[in-house]
Each structure stands twice: as structure tokens, then as C-alpha cells.
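> Dropping the structure in here first, questions after.
The values are calculated or read from the model by the stated rules, or taken from the named source; none is laboratory data. Keep in mind the model is a prediction, meaning the values are calculated, not measured. Here Cβ is always computed from backbone atoms with ideal geometry, including for glycine, and neighbour counts include all displayed protein chains. What goes into the accessible areas is simple: the full protein's heavy atoms, side chains included, and nothing from ligands, DNA or RNA. Shrake-Rupley method; radii C 1.70, N 1.55, O 1.52, S 1.80 Å.
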10 protein chains.
Amino acid sequence: MLKYIKSCISPELLKVLMEMGHSDEIVLADGNFPAASHNDKIVRLDGNDIPSILEGILFLMPLDTYVENPICLMMHGEEVERPQIWKEYEELVTKSENVFKAEYLSRESFYERAKTAYAIVTTSEKALYANIILKKGVIVEG
Amino acid sequence: MLKYIKSCISPELLKVLMEMGHSDEIVLADGNFPAASHNDKIVRLDGNDIPSILEGILFLMPLDTYVENPICLMMHGEEVERPQIWKEYEELVTKSENVFKAEYLSRESFYERAKTAYAIVTTSEKALYANIILKKGVIVEG
Amino acid sequence: MLKYIKSCISPELLKVLMEMGHSDEIVLADGNFPAASHNDKIVRLDGNDIPSILEGILFLMPLDTYVENPICLMMHGEEVERPQIWKEYEELVTKSENVFKAEYLSRESFYERAKTAYAIVTTSEKALYANIILKKGVIVEG
Amino acid sequence: MLKYIKSCISPELLKVLMEMGHSDEIVLADGNFPAASHNDKIVRLDGNDIPSILEGILFLMPLDTYVENPICLMMHGEEVERPQIWKEYEELVTKSENVFKAEYLSRESFYERAKTAYAIVTTSEKALYANIILKKGVIVEG
Amino acid sequence: MLKYIKSCISPELLKVLMEMGHSDEIVLADGNFPAASHNDKIVRLDGNDIPSILEGILFLMPLDTYVENPICLMMHGEEVERPQIWKEYEELVTKSENVFKAEYLSRESFYERAKTAYAIVTTSEKALYANIILKKGVIVEG
Amino acid sequence: MLKYIKSCISPELLKVLMEMGHSDEIVLADGNFPAASHNDKIVRLDGNDIPSILEGILFLMPLDTYVENPICLMMHGEEVERPQIWKEYEELVTKSENVFKAEYLSRESFYERAKTAYAIVTTSEKALYANIILKKGVIVEG
Amino acid sequence: MLKYIKSCISPELLKVLMEMGHSDEIVLADGNFPAASHNDKIVRLDGNDIPSILEGILFLMPLDTYVENPICLMMHGEEVERPQIWKEYEELVTKSENVFKAEYLSRESFYERAKTAYAIVTTSEKALYANIILKKGVIVEG
Amino acid sequence: MLKYIKSCISPELLKVLMEMGHSDEIVLADGNFPAASHNDKIVRLDGNDIPSILEGILFLMPLDTYVENPICLMMHGEEVERPQIWKEYEELVTKSENVFKAEYLSRESFYERAKTAYAIVTTSEKALYANIILKKGVIVEG
Amino acid sequence: MLKYIKSCISPELLKVLMEMGHSDEIVLADGNFPAASHNDKIVRLDGNDIPSILEGILFLMPLDTYVENPICLMMHGEEVERPQIWKEYEELVTKSENVFKAEYLSRESFYERAKTAYAIVTTSEKALYANIILKKGVIVEG
Amino acid sequence: MLKYIKSCISPELLKVLMEMGHSDEIVLADGNFPAASHNDKIVRLDGNDIPSILEGILFLMPLDTYVENPICLMMHGEEVERPQIWKEYEELVTKSENVFKAEYLSRESFYERAKTAYAIVTTSEKALYANIILKKGVIVEG
């Protein structure tokens, strides 16, 4: 553990976040996501939900402001209303980045995108619609 | 994830628990425990507290009934009253094993014991007095 | 060994089952299946037959209910009547999943499918027609 | 699989048996034996009992005739009568070697001996008193 | 060494033969064959000739009876008469399999086939025309 | 790079700092320190001086307040006056920890201590008397 | 450290520079460059800026004189005037090579080129337009 | 060192030469050749020139007599007269093989050919036109 | 294969022989020798007898002339007359070294000596009394 | 290759020299030295003699001036006069360090010292009395 680092951010995840550069993407996947068959670099965070990990990451890592949508969410189809977990994400991202701009991908497109991500973080998140991809931005003052 | 396995029990931890035999010991260590300098086999469960892991382990792994004390706790010195976390442990163990028999070790003895354990599980547990060692018992029906 | 885990489920197999996500597939192969030349991840369970392994897996892992056929069987050609081992499989699956929906593949198609599976479990099963592929479902409560 | 090799003898076990030389020892351990903490070379045969493995080994590997007792059994203390599993062992060994000469060790001595063995085979044997050590003999005609 | 296993069959080769399944192929290559540049899995048996290895393999491994030619030989071109080493092979195979059915490949085709084999065994065989590929059959009773 | 993390703190160093627990020690060594012959875990930070690394570490990692001297410095012998680099260290530590309590070791003792440290960070620091050991404290809020 | 080698040149970087041959390329990347996702061989030099590394490299490694432009720079688009860091590069290269001939690539082309480079050196350089590729020349007298 | 083996032939090179089979090729590259970016198997022989290595290799390894040109040389373009180093090569090869038959490749073709070679030996040869590829022949009496 | 190297000398053995220096020892062990439990470096030469390997080694490697007995043989006890295999060894060594000076060790001493040898070569030698240790001498002209 | 680095200094040796710190020792061993049995870190420089390597090292690495004898030589016993190779060493060292101060060790002491060295460089040096140990000094300006 270290000061300012949330306890759910493991040493391995922190190392991965630091090694990522501008435009590299990281997937935060729910507990049922087929992570190991879609990427070689897997960071397991069993027992944690995505919002707490997201908060820990956003504290340290800015999102990409050079693209329109630095966030990807996975749609399951005919959603009637915006899922609660997306509202949580929106709140956390807005707090950190002032804005929340997301791209919405079908399951197939999301899976394809996950294959080219820098890493996938597996969690025990149980909410539906919870999978999310973050694109890293530029650090001005390291 | 699998049915009946708590989500905080990672694949690696489950594999370790299965490979352990009768009388092998596992340490559940708080977030400040110097784990990597006391054992070669480390299972990290960042972001989790010990009681939820303990509950997940006890569901699957019986404690040793051939020794007087299959549990070790770490004393910090002149404790005035029994810490709250110990009461939680006692409740969880009693629910699973009907009885709670613990040995109390000084910090130095606990550290030495950790060196010979089968593995150390690192957690983000914040409570004081939370370090605990479990000695595995016999599985009658696998 | 652990409580509730059948003794034929090895630590390595359990770890593999946990790491698999929704829609990942696992092959249970008979003793003559050319496993190592069709997949990089091989779990050997020499000396065991498939029904006992299947029972151990189904206790822990739900099948995929989002696809029509979460099970694949391998046809050898002009079978006159349903092989005995398929009846065993049907019984085991129905007991666990209430329903048994299988796709039937030719030997060539089955081999191709095995190449993209998450893992192949090699057994000492001697029955003909015994090769089977399971597609993992969603865990609601981990 | 190969002709003449029992299906419970895995490729890895067969390789280990071949690499062993005159006087090297192998432990067949029951399902609760703390194998991984007593030896670096572990061959797992989950789901198998010891008699069937023993029979498969004895078909291929002679016992040492240069020592008085090429077999070690583990006593648990004040056994009243000879356990059934020992009778099975005696029958299997006598069939292969014409004679059954065993040394009886206390649990502590057996554990110490296991540390210096060439390898430990972990099984799912459930019988008590089932742990056994075999000392390899000389192959005259390879 | 083990009983019934010819001394020229190394532990590594035995393990490879066991891991092979129905229809996997193994190449027995003469001393000049460019083995390491044609396959990743190489078993070296320096100092041995192919007939003695072939005899050791055929004792343990049946050939495939589901294909027309479970054996491949390499032609060097306009052979006038059947090479002596092929007669040796025919005798050994017939003794074990009752029949000898071989496919004859050009050097280029043989090299291509070797790339997809399960493994190549390098020997010190000096006879011309000695390279041979065996396709593994089904083990009925393991 | 990440927000709040000084750019001289490499991903590997950050991972090491996180894995360290209460009472584990880390050595910041000057450019001539024989690091690789005194510890197995080496983090190279070529091109950096110690004060900037120290500042980056102290921002994230508290020093141990349970021991009298959480800092070790290496004396070279008959120093007449306090070296400038020690004053820099004192300022940095005091800013972060409010107090600066250091133990002074001879070269031999310092080298011995370095062998049991969790890791050694090699730098390009050129100042004399610059070697320093930090003992990690307790993180209350991770 | 060694004589004549700048302290920011790490042992690993020096080894990489030596192993490179005529026409191999090395990328010096700023702190935000997505290095690990564009090349397998990464040399991290956290805490250092590019000009000091460039100076250290040019002292040891000549640039390729057989191609028109042994240097690549990355354009970000409509630069109005030549960035300051390019002037620094020009000065350093001219001092060592007498001439400064650079190719200017778009971000996409630069990224593609980085994938085929021999290695990428990651730095903490903060200047914009700082990414640079060097093509190694011929050593006449080693 | 061994009798009859020139001291410039390293243990690793000797092992590589032995593992090569009929028609496998080995590149002897000058000090500026970009070896590591053109082949995965690299044998470094720093400090040695090519003629002495060539002599050591030819003593042990015959060239291929089944192809027209078992030797490849690299042309740099409009050579006016035959380089001195080629004369050395011709003398060495003729002494060993009675004949010197070489194919002459452009730089691009030579580089492509090097990619498919069994290995590249890097030397400190300084002569121009010195790169050479040898195709291994058949050993009749091993 | 290479010219002058006997075909039973494998690439790995040749590499080991070259890496050995003056006074390093190598064990040639019969088929029943417990090699893997007495040394970490094992070179397997299954299917070969010791005299042919010995001849291949002696052609390349001189014995140590600085010690009284560069050869060790293993006594089994009350040998009545000199075993035939020792006469073979004597003939081979005398042919190469002009003299045959051997030390005779008990089984226990031989086993201890094998532990400190540079490597053990396992063979399929069936003769009794065949184990032999060679101490490498000085190469004057490499 | 790089400018200023002698071609006999391999990339691996240069990396080792850089990683060494003040007081670490490196052994330059003749062609018969039993290097691999006396140290885990071996740098092979087959085909090179020690004086040329020594010259390359001394150009980059200062010797330790804090000890009386930063150089160790190996005596073979009753040398009548100073060997020629020592005179070469003296000349090279004096040119670089202005002074030549050596300790003379017996063969046994030299071998023991080599075990604790940072690395051993194996060469093809043929001169007697050529083994030499260098103790690294302090780099003031890196």
C-alpha cells in the first residue's frame, strides 16, 4: 500500500497504468467477461467492483482529450433506460474529467476492441452493462 | 467465477488452497504486512478485507482438528480488551467449525511462523490485530 | 482437496474453470484425442472417465443459456442409435441445467472447434462418441 | 495412452519413473498429504486411488532387492489390526515381486523421508494408512 | 529404465509418445535430417539407429488403422530396387501390425509433412532412405 | 506516467514500493554502490540523483514510526562536518515526516544491511555520503 | 558506471546499442509515448530527458550515412515554427555528425515505424515534438 | 576447449553446428551486420574475424554438394575487382572442399536469406564484402 | 552431426565437454545409476553403452595429468577378478593417454563424488562395475 | 559495435562491467580455467586472449584505489622468473592506472576468490600464469 493510492489498485495494476502511454486503452471487465481469451495481459482484481477501481484509476490517469470518446461502454441491445451503473460511471468521470463522453459498442465490437487493448482488468462486478474501456490521455506534469 | 465460490477467492488462491494438504498453513495478512519478504508464495487480494476472504476459505477448507489450536493470531502487546476483528473471526470460524481455538503469538513469533507457511494472502484489511494463520484439516469426502 | 469439490477436479482444472468467462468453451476429450496438437492449454486428468469429471464441472459451472446449444458432441458418422455415454451426459446435464441442448459436429468440425476452445481436458475415457465441449454460462451470484 | 501402460499412469509420471535410478524413492500419497510443502517434484494424479497406481507402477518398475525393506508405510499410532489397504498393497506387491517387505515409520519420520524422495505422487486416495514409499530396484534388461 | 521399455526409448520420447493422440504423427529422422528447422519439438536420440527405435515404439504404440497408409517413407528419386532399410521396417511393422502400408513422398513433400508432425526424433541412422513417419492409432485398452 | 507520481519513479519502482510492507527497507544507492552483488532485487534508475527520487518516494511512502531510526546513512569515517547531501535529505524528510531520525552505519555495516533490504535502487548520484536506507511505515488510509 | 559513458545510459541501453547493426533503428520516446504497445523491446529511462540521452548515444553510435535521412521526427500537424527541442537535437547531431538530415513523419507513420524499430527508449521528456528515431551507421574501428 | 576444435569455436556455436542438418544454412556476419533484427538465433563471437571462424567450421562441417552453390556472398554493387577477403574464403573452402562455388546476392536478397538461416554468427570482422552464408552438407561417417 | 565427432556424442554433451575446465569431472553412469538425484546437470544418452561414449570423449578431451588418478571407478565390494568392462576402459584410455591410473571408490564415496561433478551422463550401459568418472586435463592447443 | 569500445568487448561483458560497483571483482580466466563450476555468471569470449580484453576493460573501468592491491594474479608455485604475460599486464595497467599493485594467490586461494567474484570472463588465452582478477574502482564522472 502507498499513500494516495486506493487499496483496490494492486501493484501490478499500478505498474500497468504507468507503462501505458497516450491512447493506450484498458478494459475494466465484469465478473463474467471472457478476459483471458481476449487479451494476453490480464490483471485480476477478484472481489472488487468496477466503480471503486474506476475511481482509483481516474485519480491517477487522465483520459484522452484528443479523441471524441475516450470511454467505451458495451450495449446489450434494446436498453430501455440508462443503467444505474452508467450513472455511477458518469458521476465519477465527470468529477475527475469534467465531462463524460462515451462511445457505445455492440457486444461483438466491444469484444474485438478488448483484444487490442493494452490490458484487461478482471473484477467481480455483478451489474449488467458494466464493462468499460478507458483511453489514457496525456500527462502534462509527471 | 464459479458457483459456490465467493467472488473474492481468486483462481490462484483456490488453486493454492487445493494444493495444500493436512497441516499446511496459510496466512491472511493485513495491508501493511511485509509479505513478500517473509514467503516466496504470495497471493495478492488487494481491495478485500480479511473477514470476507476468511468466510470464503472456511466454506471450502476445514481446519485441522488434530492440533490444539488450528488458528494463530498476532498480539501486539498489552491489549486491554479483545479486538472487534477477533470477534468477527470467532463468529465465522465457529459457524463453520463449531469451535474457535486460537494460539496467540508475539509479532516476532508470528513473522517467523509466516516464513514456513504454505502461502501468504495479502489483503487490504485495515483493522489492527487482523493477521491470522489457518492450519488446514483433513478432507473426508472430496 | 477441498470440500464440495469432487476429487477428480484438479487444482489446475479448477483454476482454468474460474478463469473462463461467459461463452468460453472447454473440451472434455477421450483418451485417444490428439489434444496437445489442437490447443496450447491442456489439463491432463489421466485415469479418469468423462462422466465423473463432467459431474464435477457442472456442479460448479453453469452452461451458457444465451446460445441455442451450449454443448457440442462429436459424431463419427452413420450412428444407428444414440450411444450410451450420450445418455449419461444427458442425465448429468439435465440434473444440473434442467435441459440438454447439444449441437452435433463431424470429426473435422469438432477438431477445428477444439482449436479455439479455452482449454482441453484429456481423460482416460474409453467410450466411443465421448468427446464433448461445454460453453460456460453466466454466474449470477459468485 | 500407450499399450501396456495403465491409463492412470500419466506421461509425466512415466517420465519420472524412467528417470529414477536404483535406490531412488517415490511416494504415493493420499489426498490429504501435504505434498507440495515436502518435495519440489510433485506429480498430481487427482481422481485416482493408490492401488490402481501402484499396480501400474509395479508392472514397470522393480523394487530394490538390495535393501531389507524396499517399501515404507506410515503408521498412525496404536493400530489394532492391519488396515485393509495394506492387505491390498501386500497382494499387489507379492504378485509382482514375490515378497512384501515393509518398514513402518511414524508420521514424523515418514514426512522427513518424503522430503528426500525423488518425487511425490498426489492421489485422491481416501483410505487411512494409505501413504506408501517405493524404492526402485535394478533393471536388468531394459 | 523400466521393464518392457527398450533402453533406447528415452524418458522424453516416452512422454511424447504418450501425449500423442489418434492421428498425430512422429518422424524418425536420420542423422542428416534438418530436424530443428522443421519442427519445434525435437527428441534427440544420438548414437541410435532407427530400426531399434522403431521396434521400441511399435511395441508400445499402434499405428492408425483408419487411414490407408499410416506410414510415410521418403523417396530420393529413381530408386532401382527397394532399399534394405525399408525391408527391415517392413519386417518390424508387419510383426507388430500384421500389415505394412506406406505412402511414398518426395523429399519436398516429406519435409513439409515433418513440419506438421507432433515431433521429430533425431537419430544417428546412416542408411539412405531411412526417414520414416508413423501415424499413431487408437489405444483400446490403456 | 501518472498524475502525482514524479517522473523519476519508474513503474517497477512503484510496484516494489507498493509490495513492501511495514518495516521492509529500501536502499537508495549512489552510482558506485555494488548493488547487484548485495541484493537480488535491483531497480535501476540511471541518470537520476537520489534527492529527486527520495522526494518522489516520500510523497507516497511513510517512514516507520515504530522504530527509533527509520533512516540509515553510511559514514565513511572521520567526517569533519555534516555533508551537504545529508542536509538535503533532512530537509526532504522533515517536510514529509516532520522529523528526521537517522542511524549512522559504517561502510561494512551498511553493506550487510543492504543484503537484507527488500530492494536496492541504483542511481547516478555522484555526491559522497549519499547512500541511504528507508524503512517503510504503516499506511493508515490506502 | 563506466568512464566515457554518460550516467543516463543504462547497462541495458548500452547492450542494446551494441547489438544493433548497420541500419537498425532506435526510438527515443517522450513520456507519453505508447511504447509497450508498439514494440517488444523497451528500455525504460524514467526521469531523464531526451537531449541528454541523445548526447550520450551520439557519442558512441554513428548515424547511417548510406541513407538520405538517418533521423526521423514526428510532426503533429500545422507547426508554425520549428520547435525548440528540434533545435537542440540539430545542435547535438551536428556536433557529432557534422550534418543534420531528418525525415518528418505524421503521427500515424511515426507509430508504424516505431513498430519495426530495434527498440524503443522511454523517457520522461515533456517537450512536444520530442519523439525521434535514429538509424545506426557503420562502425569503422571498433 | 577441446582437442581439434579451434579456440574461436564457442561451445554454443559447436552445439548449433551439430544440430544443423543437411541443407540448413549458417550466416557468418561482419561486425556491422544487423543480426539480431534478422534472426532469432544469434551466436556472438565478438573479437574474432570471419576467416578464422570459417576455418574452424570447415574442419568440422562439410558443405552441401547437392546444390550448385553451397556458399552465398553479398555484393555491394559495382565491385571492380574481387575483394581480398573473398580470396581468403576461396582458399579456405578449396582446401577443405576441393572446390569453391558461390552464389552472389544483392544486399537485400542477402538480408532476406539471413532471415531463414538456421543461425547468424556475429563477428568483429572489419573487411568489406565479408558476409558469407554456408549450407551444410551430409556427414557420411559421424 | 559433424566430422570427427562420434555420432553418440550429442550436441549437448559436446557443449558440456567444452565448457568444462581443467580439473572438472564428468560421470559416465550405467543405466541404473540414480543420476538426477545426485546432480543438477544431466546429459541423457539413452540407448548407448559407456565404452563407445568414452571413446568419443577421449578423442576430444585429455585427462588431467596433474593428479595421480584422473579416473575413478566404483567398487561393489569383494570383486574376485577385474571386470571385463574395466579392461575395455583401460584399453581405450591407454590408447588415448598412454597410461591408465584409476582410483577405486566405494559405492557411497562414488555417489558423493558424483554430486560435485560438473555433469552426469546417463547411458544404457548394462555391465556391472561400469560407472566411471573422468577428470578433464589441460588443452594445450585449442 | 560502438565507437571507443574495443571489438572484443561483447555487449554482455559491457553490461556486466557497468553493473559492477566499487569493489566488485571480475576474473579474466585462461582457456583451461574451470569457470562454470566456480561462478554462476560467466561471460564467454572464445577466441580472444586476455591482454586485448584487459586493454578494452581498463579503458572503461578504473581499478580500486582504496585497497592495496586491486589486482590478483595466480601463482603456480616456484616460478623462477616473472612470466612474460605478467609484464604485458603490468604495462597495460600502468598505462591506464599509473601503477601496478598485485596480490599473488595460490591456485587454491585464487579458485576460492573466483567463487565470490561478480563474474568470470572465459577466454582462449593460452599463456601460463595468465589468470587475473580486477577490482573495480570509483567512477567520478559518469
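> Determine, yes or no, whether H:LYS87 is among the basic types (Lys, Arg) and more than 14 Å from the chain's Cα centre (by Cα).
It is true that H:LYS87 is among the basic types (Lys, Arg) and more than 14 Å from the chain's Cα centre (by Cα).
> With in contact with an Asp or Glu (Cβ under 9 Å, 6 or more places away or on another chain) and within 16 Å of A:ASN32 (Cβ to Cβ) as the only criterion, which of A:ALA102, A:ALA130 stands out?
A:ALA130
> In the stretch H:110-142, what residues are more than 9 Å from every other protein chain (Cβ to nearest Cβ) and closer than 16 Å to H:GLU68 by Cβ?
Within the stretch H:110-142, H:ARG113, H:ILE133, H:LEU134, H:LYS135 qualify.
> Can you name every residue in the stretch B:52-65 that is more than 10 Å from chain A (Cβ to nearest Cβ) and within 15 Å of B:ALA29 (Cα to Cα)?
Matches in the stretch B:52-65: B:LEU54, B:GLU55, B:ILE57.
> Taking the criterion of being under 30 Å from J:LYS135 (Cβ atoms), more than 7 Å from every other protein chain (Cβ to nearest Cβ) and of a type in the set (A, V, I, L, M, F, W, C), would at least one residue in the stretch F:31-42 satisfy it?
yes
> Then there's this: Restricting the search to the stretch F:77-109, which residues are of a type in the set (A, V, I, L, M, F, W, C) and open to solvent by less than 50 Å² (accessible area, probe 1.4 Å)?
F:ILE85, F:TRP86, F:LEU92, F:VAL93, F:PHE100, F:ALA102, F:LEU105
> Also, I was wondering about something else. Does H:TYR104 satisfy the condition of being part of a loop (DSSP other than H, G, I, E, B), under 23 Å from H:GLY31 (Cβ atoms) and among the hydroxyl-bearing types (Ser, Thr, Tyr)?
Against the criterion (part of a loop (DSSP other than H, G, I, E, B), under 23 Å from H:GLY31 (Cβ atoms) and among the hydroxyl-bearing types (Ser, Thr, Tyr)), H:TYR104 does not qualify.
> Here are some conditions: (1) touching a residue at least 40 places away in the same chain (Cβ under 8 Å); (2) touching a strand residue (DSSP E or B) at 6+ places or on another chain (Cβ under 8 Å); (3) farther than 30 Å from A:ILE5 by Cβ. B:LYS101 meets all but one. Which one does it not meet?
(1) is the only condition that B:LYS101 fails.
> Here is a further query. Filter the stretch D:5-36 down to the residues that are surrounded by fewer than 21 Cβ atoms within 10 Å (Cβ to Cβ) and polar (S, T, N, Q) and list them by number.
Result: D:SER23, single match.
> Separate question: Kindly check whether there is at least one residue in the stretch E:118-129 that is touching a His at 6+ places or on another chain (Cβ under 8 Å) and assigned to a helix (DSSP H, G or I).
no
> Taking the conditions exactly as written (open to solvent by 10 Å² or more (accessible area, probe 1.4 Å), without any contact (Cβ under 8 Å) to a residue 12 or more places away in the chain and not in a loop (DSSP other than H, G, I, E, B)), does A:GLU112 satisfy them or not?
So A:GLU112 fits the description; yes.
> If you don't mind, there's one more thing I want to ask. For the stretch A:49-60, which positions are open to solvent by 10 Å² or more (accessible area, probe 1.4 Å) and not hydroxyl-bearing (Ser, Thr, Tyr)?
A:ASP49, A:PRO51, A:GLU55, A:PHE59
> Residues being over 13 Å from the mean Cα position of the chain (by Cα) and small (Gly, Ala, Ser): count how many of those fall in the stretch H:90-127.
Residues that pass the stated criteria total 5.
> Among the residues of the stretch A:37-48, count how many are buried (at least 24 other Cβ atoms within 10 Å of the Cβ) and of a type in the set (Ser, Thr, Tyr).
Qualifying residue count for the region: 0.
> Would you mind telling me which numbered condition in (1) farther than 27 Å from A:PRO11 by Cα; (2) within 11 Å of chain A (Cβ to nearest Cβ) B:ASP49 fails?
(1)
> Counting only residues that are within 9 Å of chain D (Cβ to nearest Cβ) and not charged (D, E, K, R), which one in the stretch C:1-30 is nearest to C:TYR111 (Cα to Cα)?
For the stretch C:1-30, the residue satisfying everything is C:LEU13.
> Looking at this structure, is J:MET74 buried (at least 17 other Cβ atoms within 10 Å of the Cβ), within 11 Å of another protein chain (Cβ to nearest Cβ) and of a type in the set (A, V, I, L, M)?
no
> Could you please find all residues in the stretch D:1-18 being touching a strand residue (DSSP E or B) at 6+ places or on another chain (Cβ under 8 Å) and free of Cβ contacts under 8 Å to residues at least 12 places away in the same chain?
D:PRO11 - this is the single residue of the stretch D:1-18 that is touching a strand residue (DSSP E or B) at 6+ places or on another chain (Cβ under 8 Å) and free of Cβ contacts under 8 Å to residues at least 12 places away in the same chain.
> If we scan the stretch I:63-83, do we find a residue that is under 13 Å from the mean Cα position of the chain (by Cα) and closer than 19 Å to I:LYS6 by Cβ?
Checked against the condition, which is being under 13 Å from the mean Cα position of the chain (by Cα) and closer than 19 Å to I:LYS6 by Cβ, the stretch I:63-83 yields at least one hit.
> For the stretch A:128-138: of the residues being open to solvent by 10 Å² or more (accessible area, probe 1.4 Å) and at pLDDT 95 or above, which is farthest from the chain's Cα centre (by Cα)?
A:VAL138
> Just to be sure before I move on: is G:ASN69 open to solvent by less than 30 Å² (accessible area, probe 1.4 Å), polar (S, T, N, Q) and more than 7 Å from every other protein chain (Cβ to nearest Cβ) in the structure I sent?
No, not satisfied.
> Being more than 25 Å from A:ALA117 (Cα to Cα) and at pLDDT 95 or above is the requirement here; does G:GLY31 meet it?
So G:GLY31 does not fit the description; no.
> Kindly indicate which of F:LEU73, F:LEU58, F:LEU63, F:LEU45 is farther than 30 Å from J:ASP40 by Cβ and in contact with a Ser or Thr (Cβ under 6 Å, 6 or more places away or on another chain).
F:LEU58
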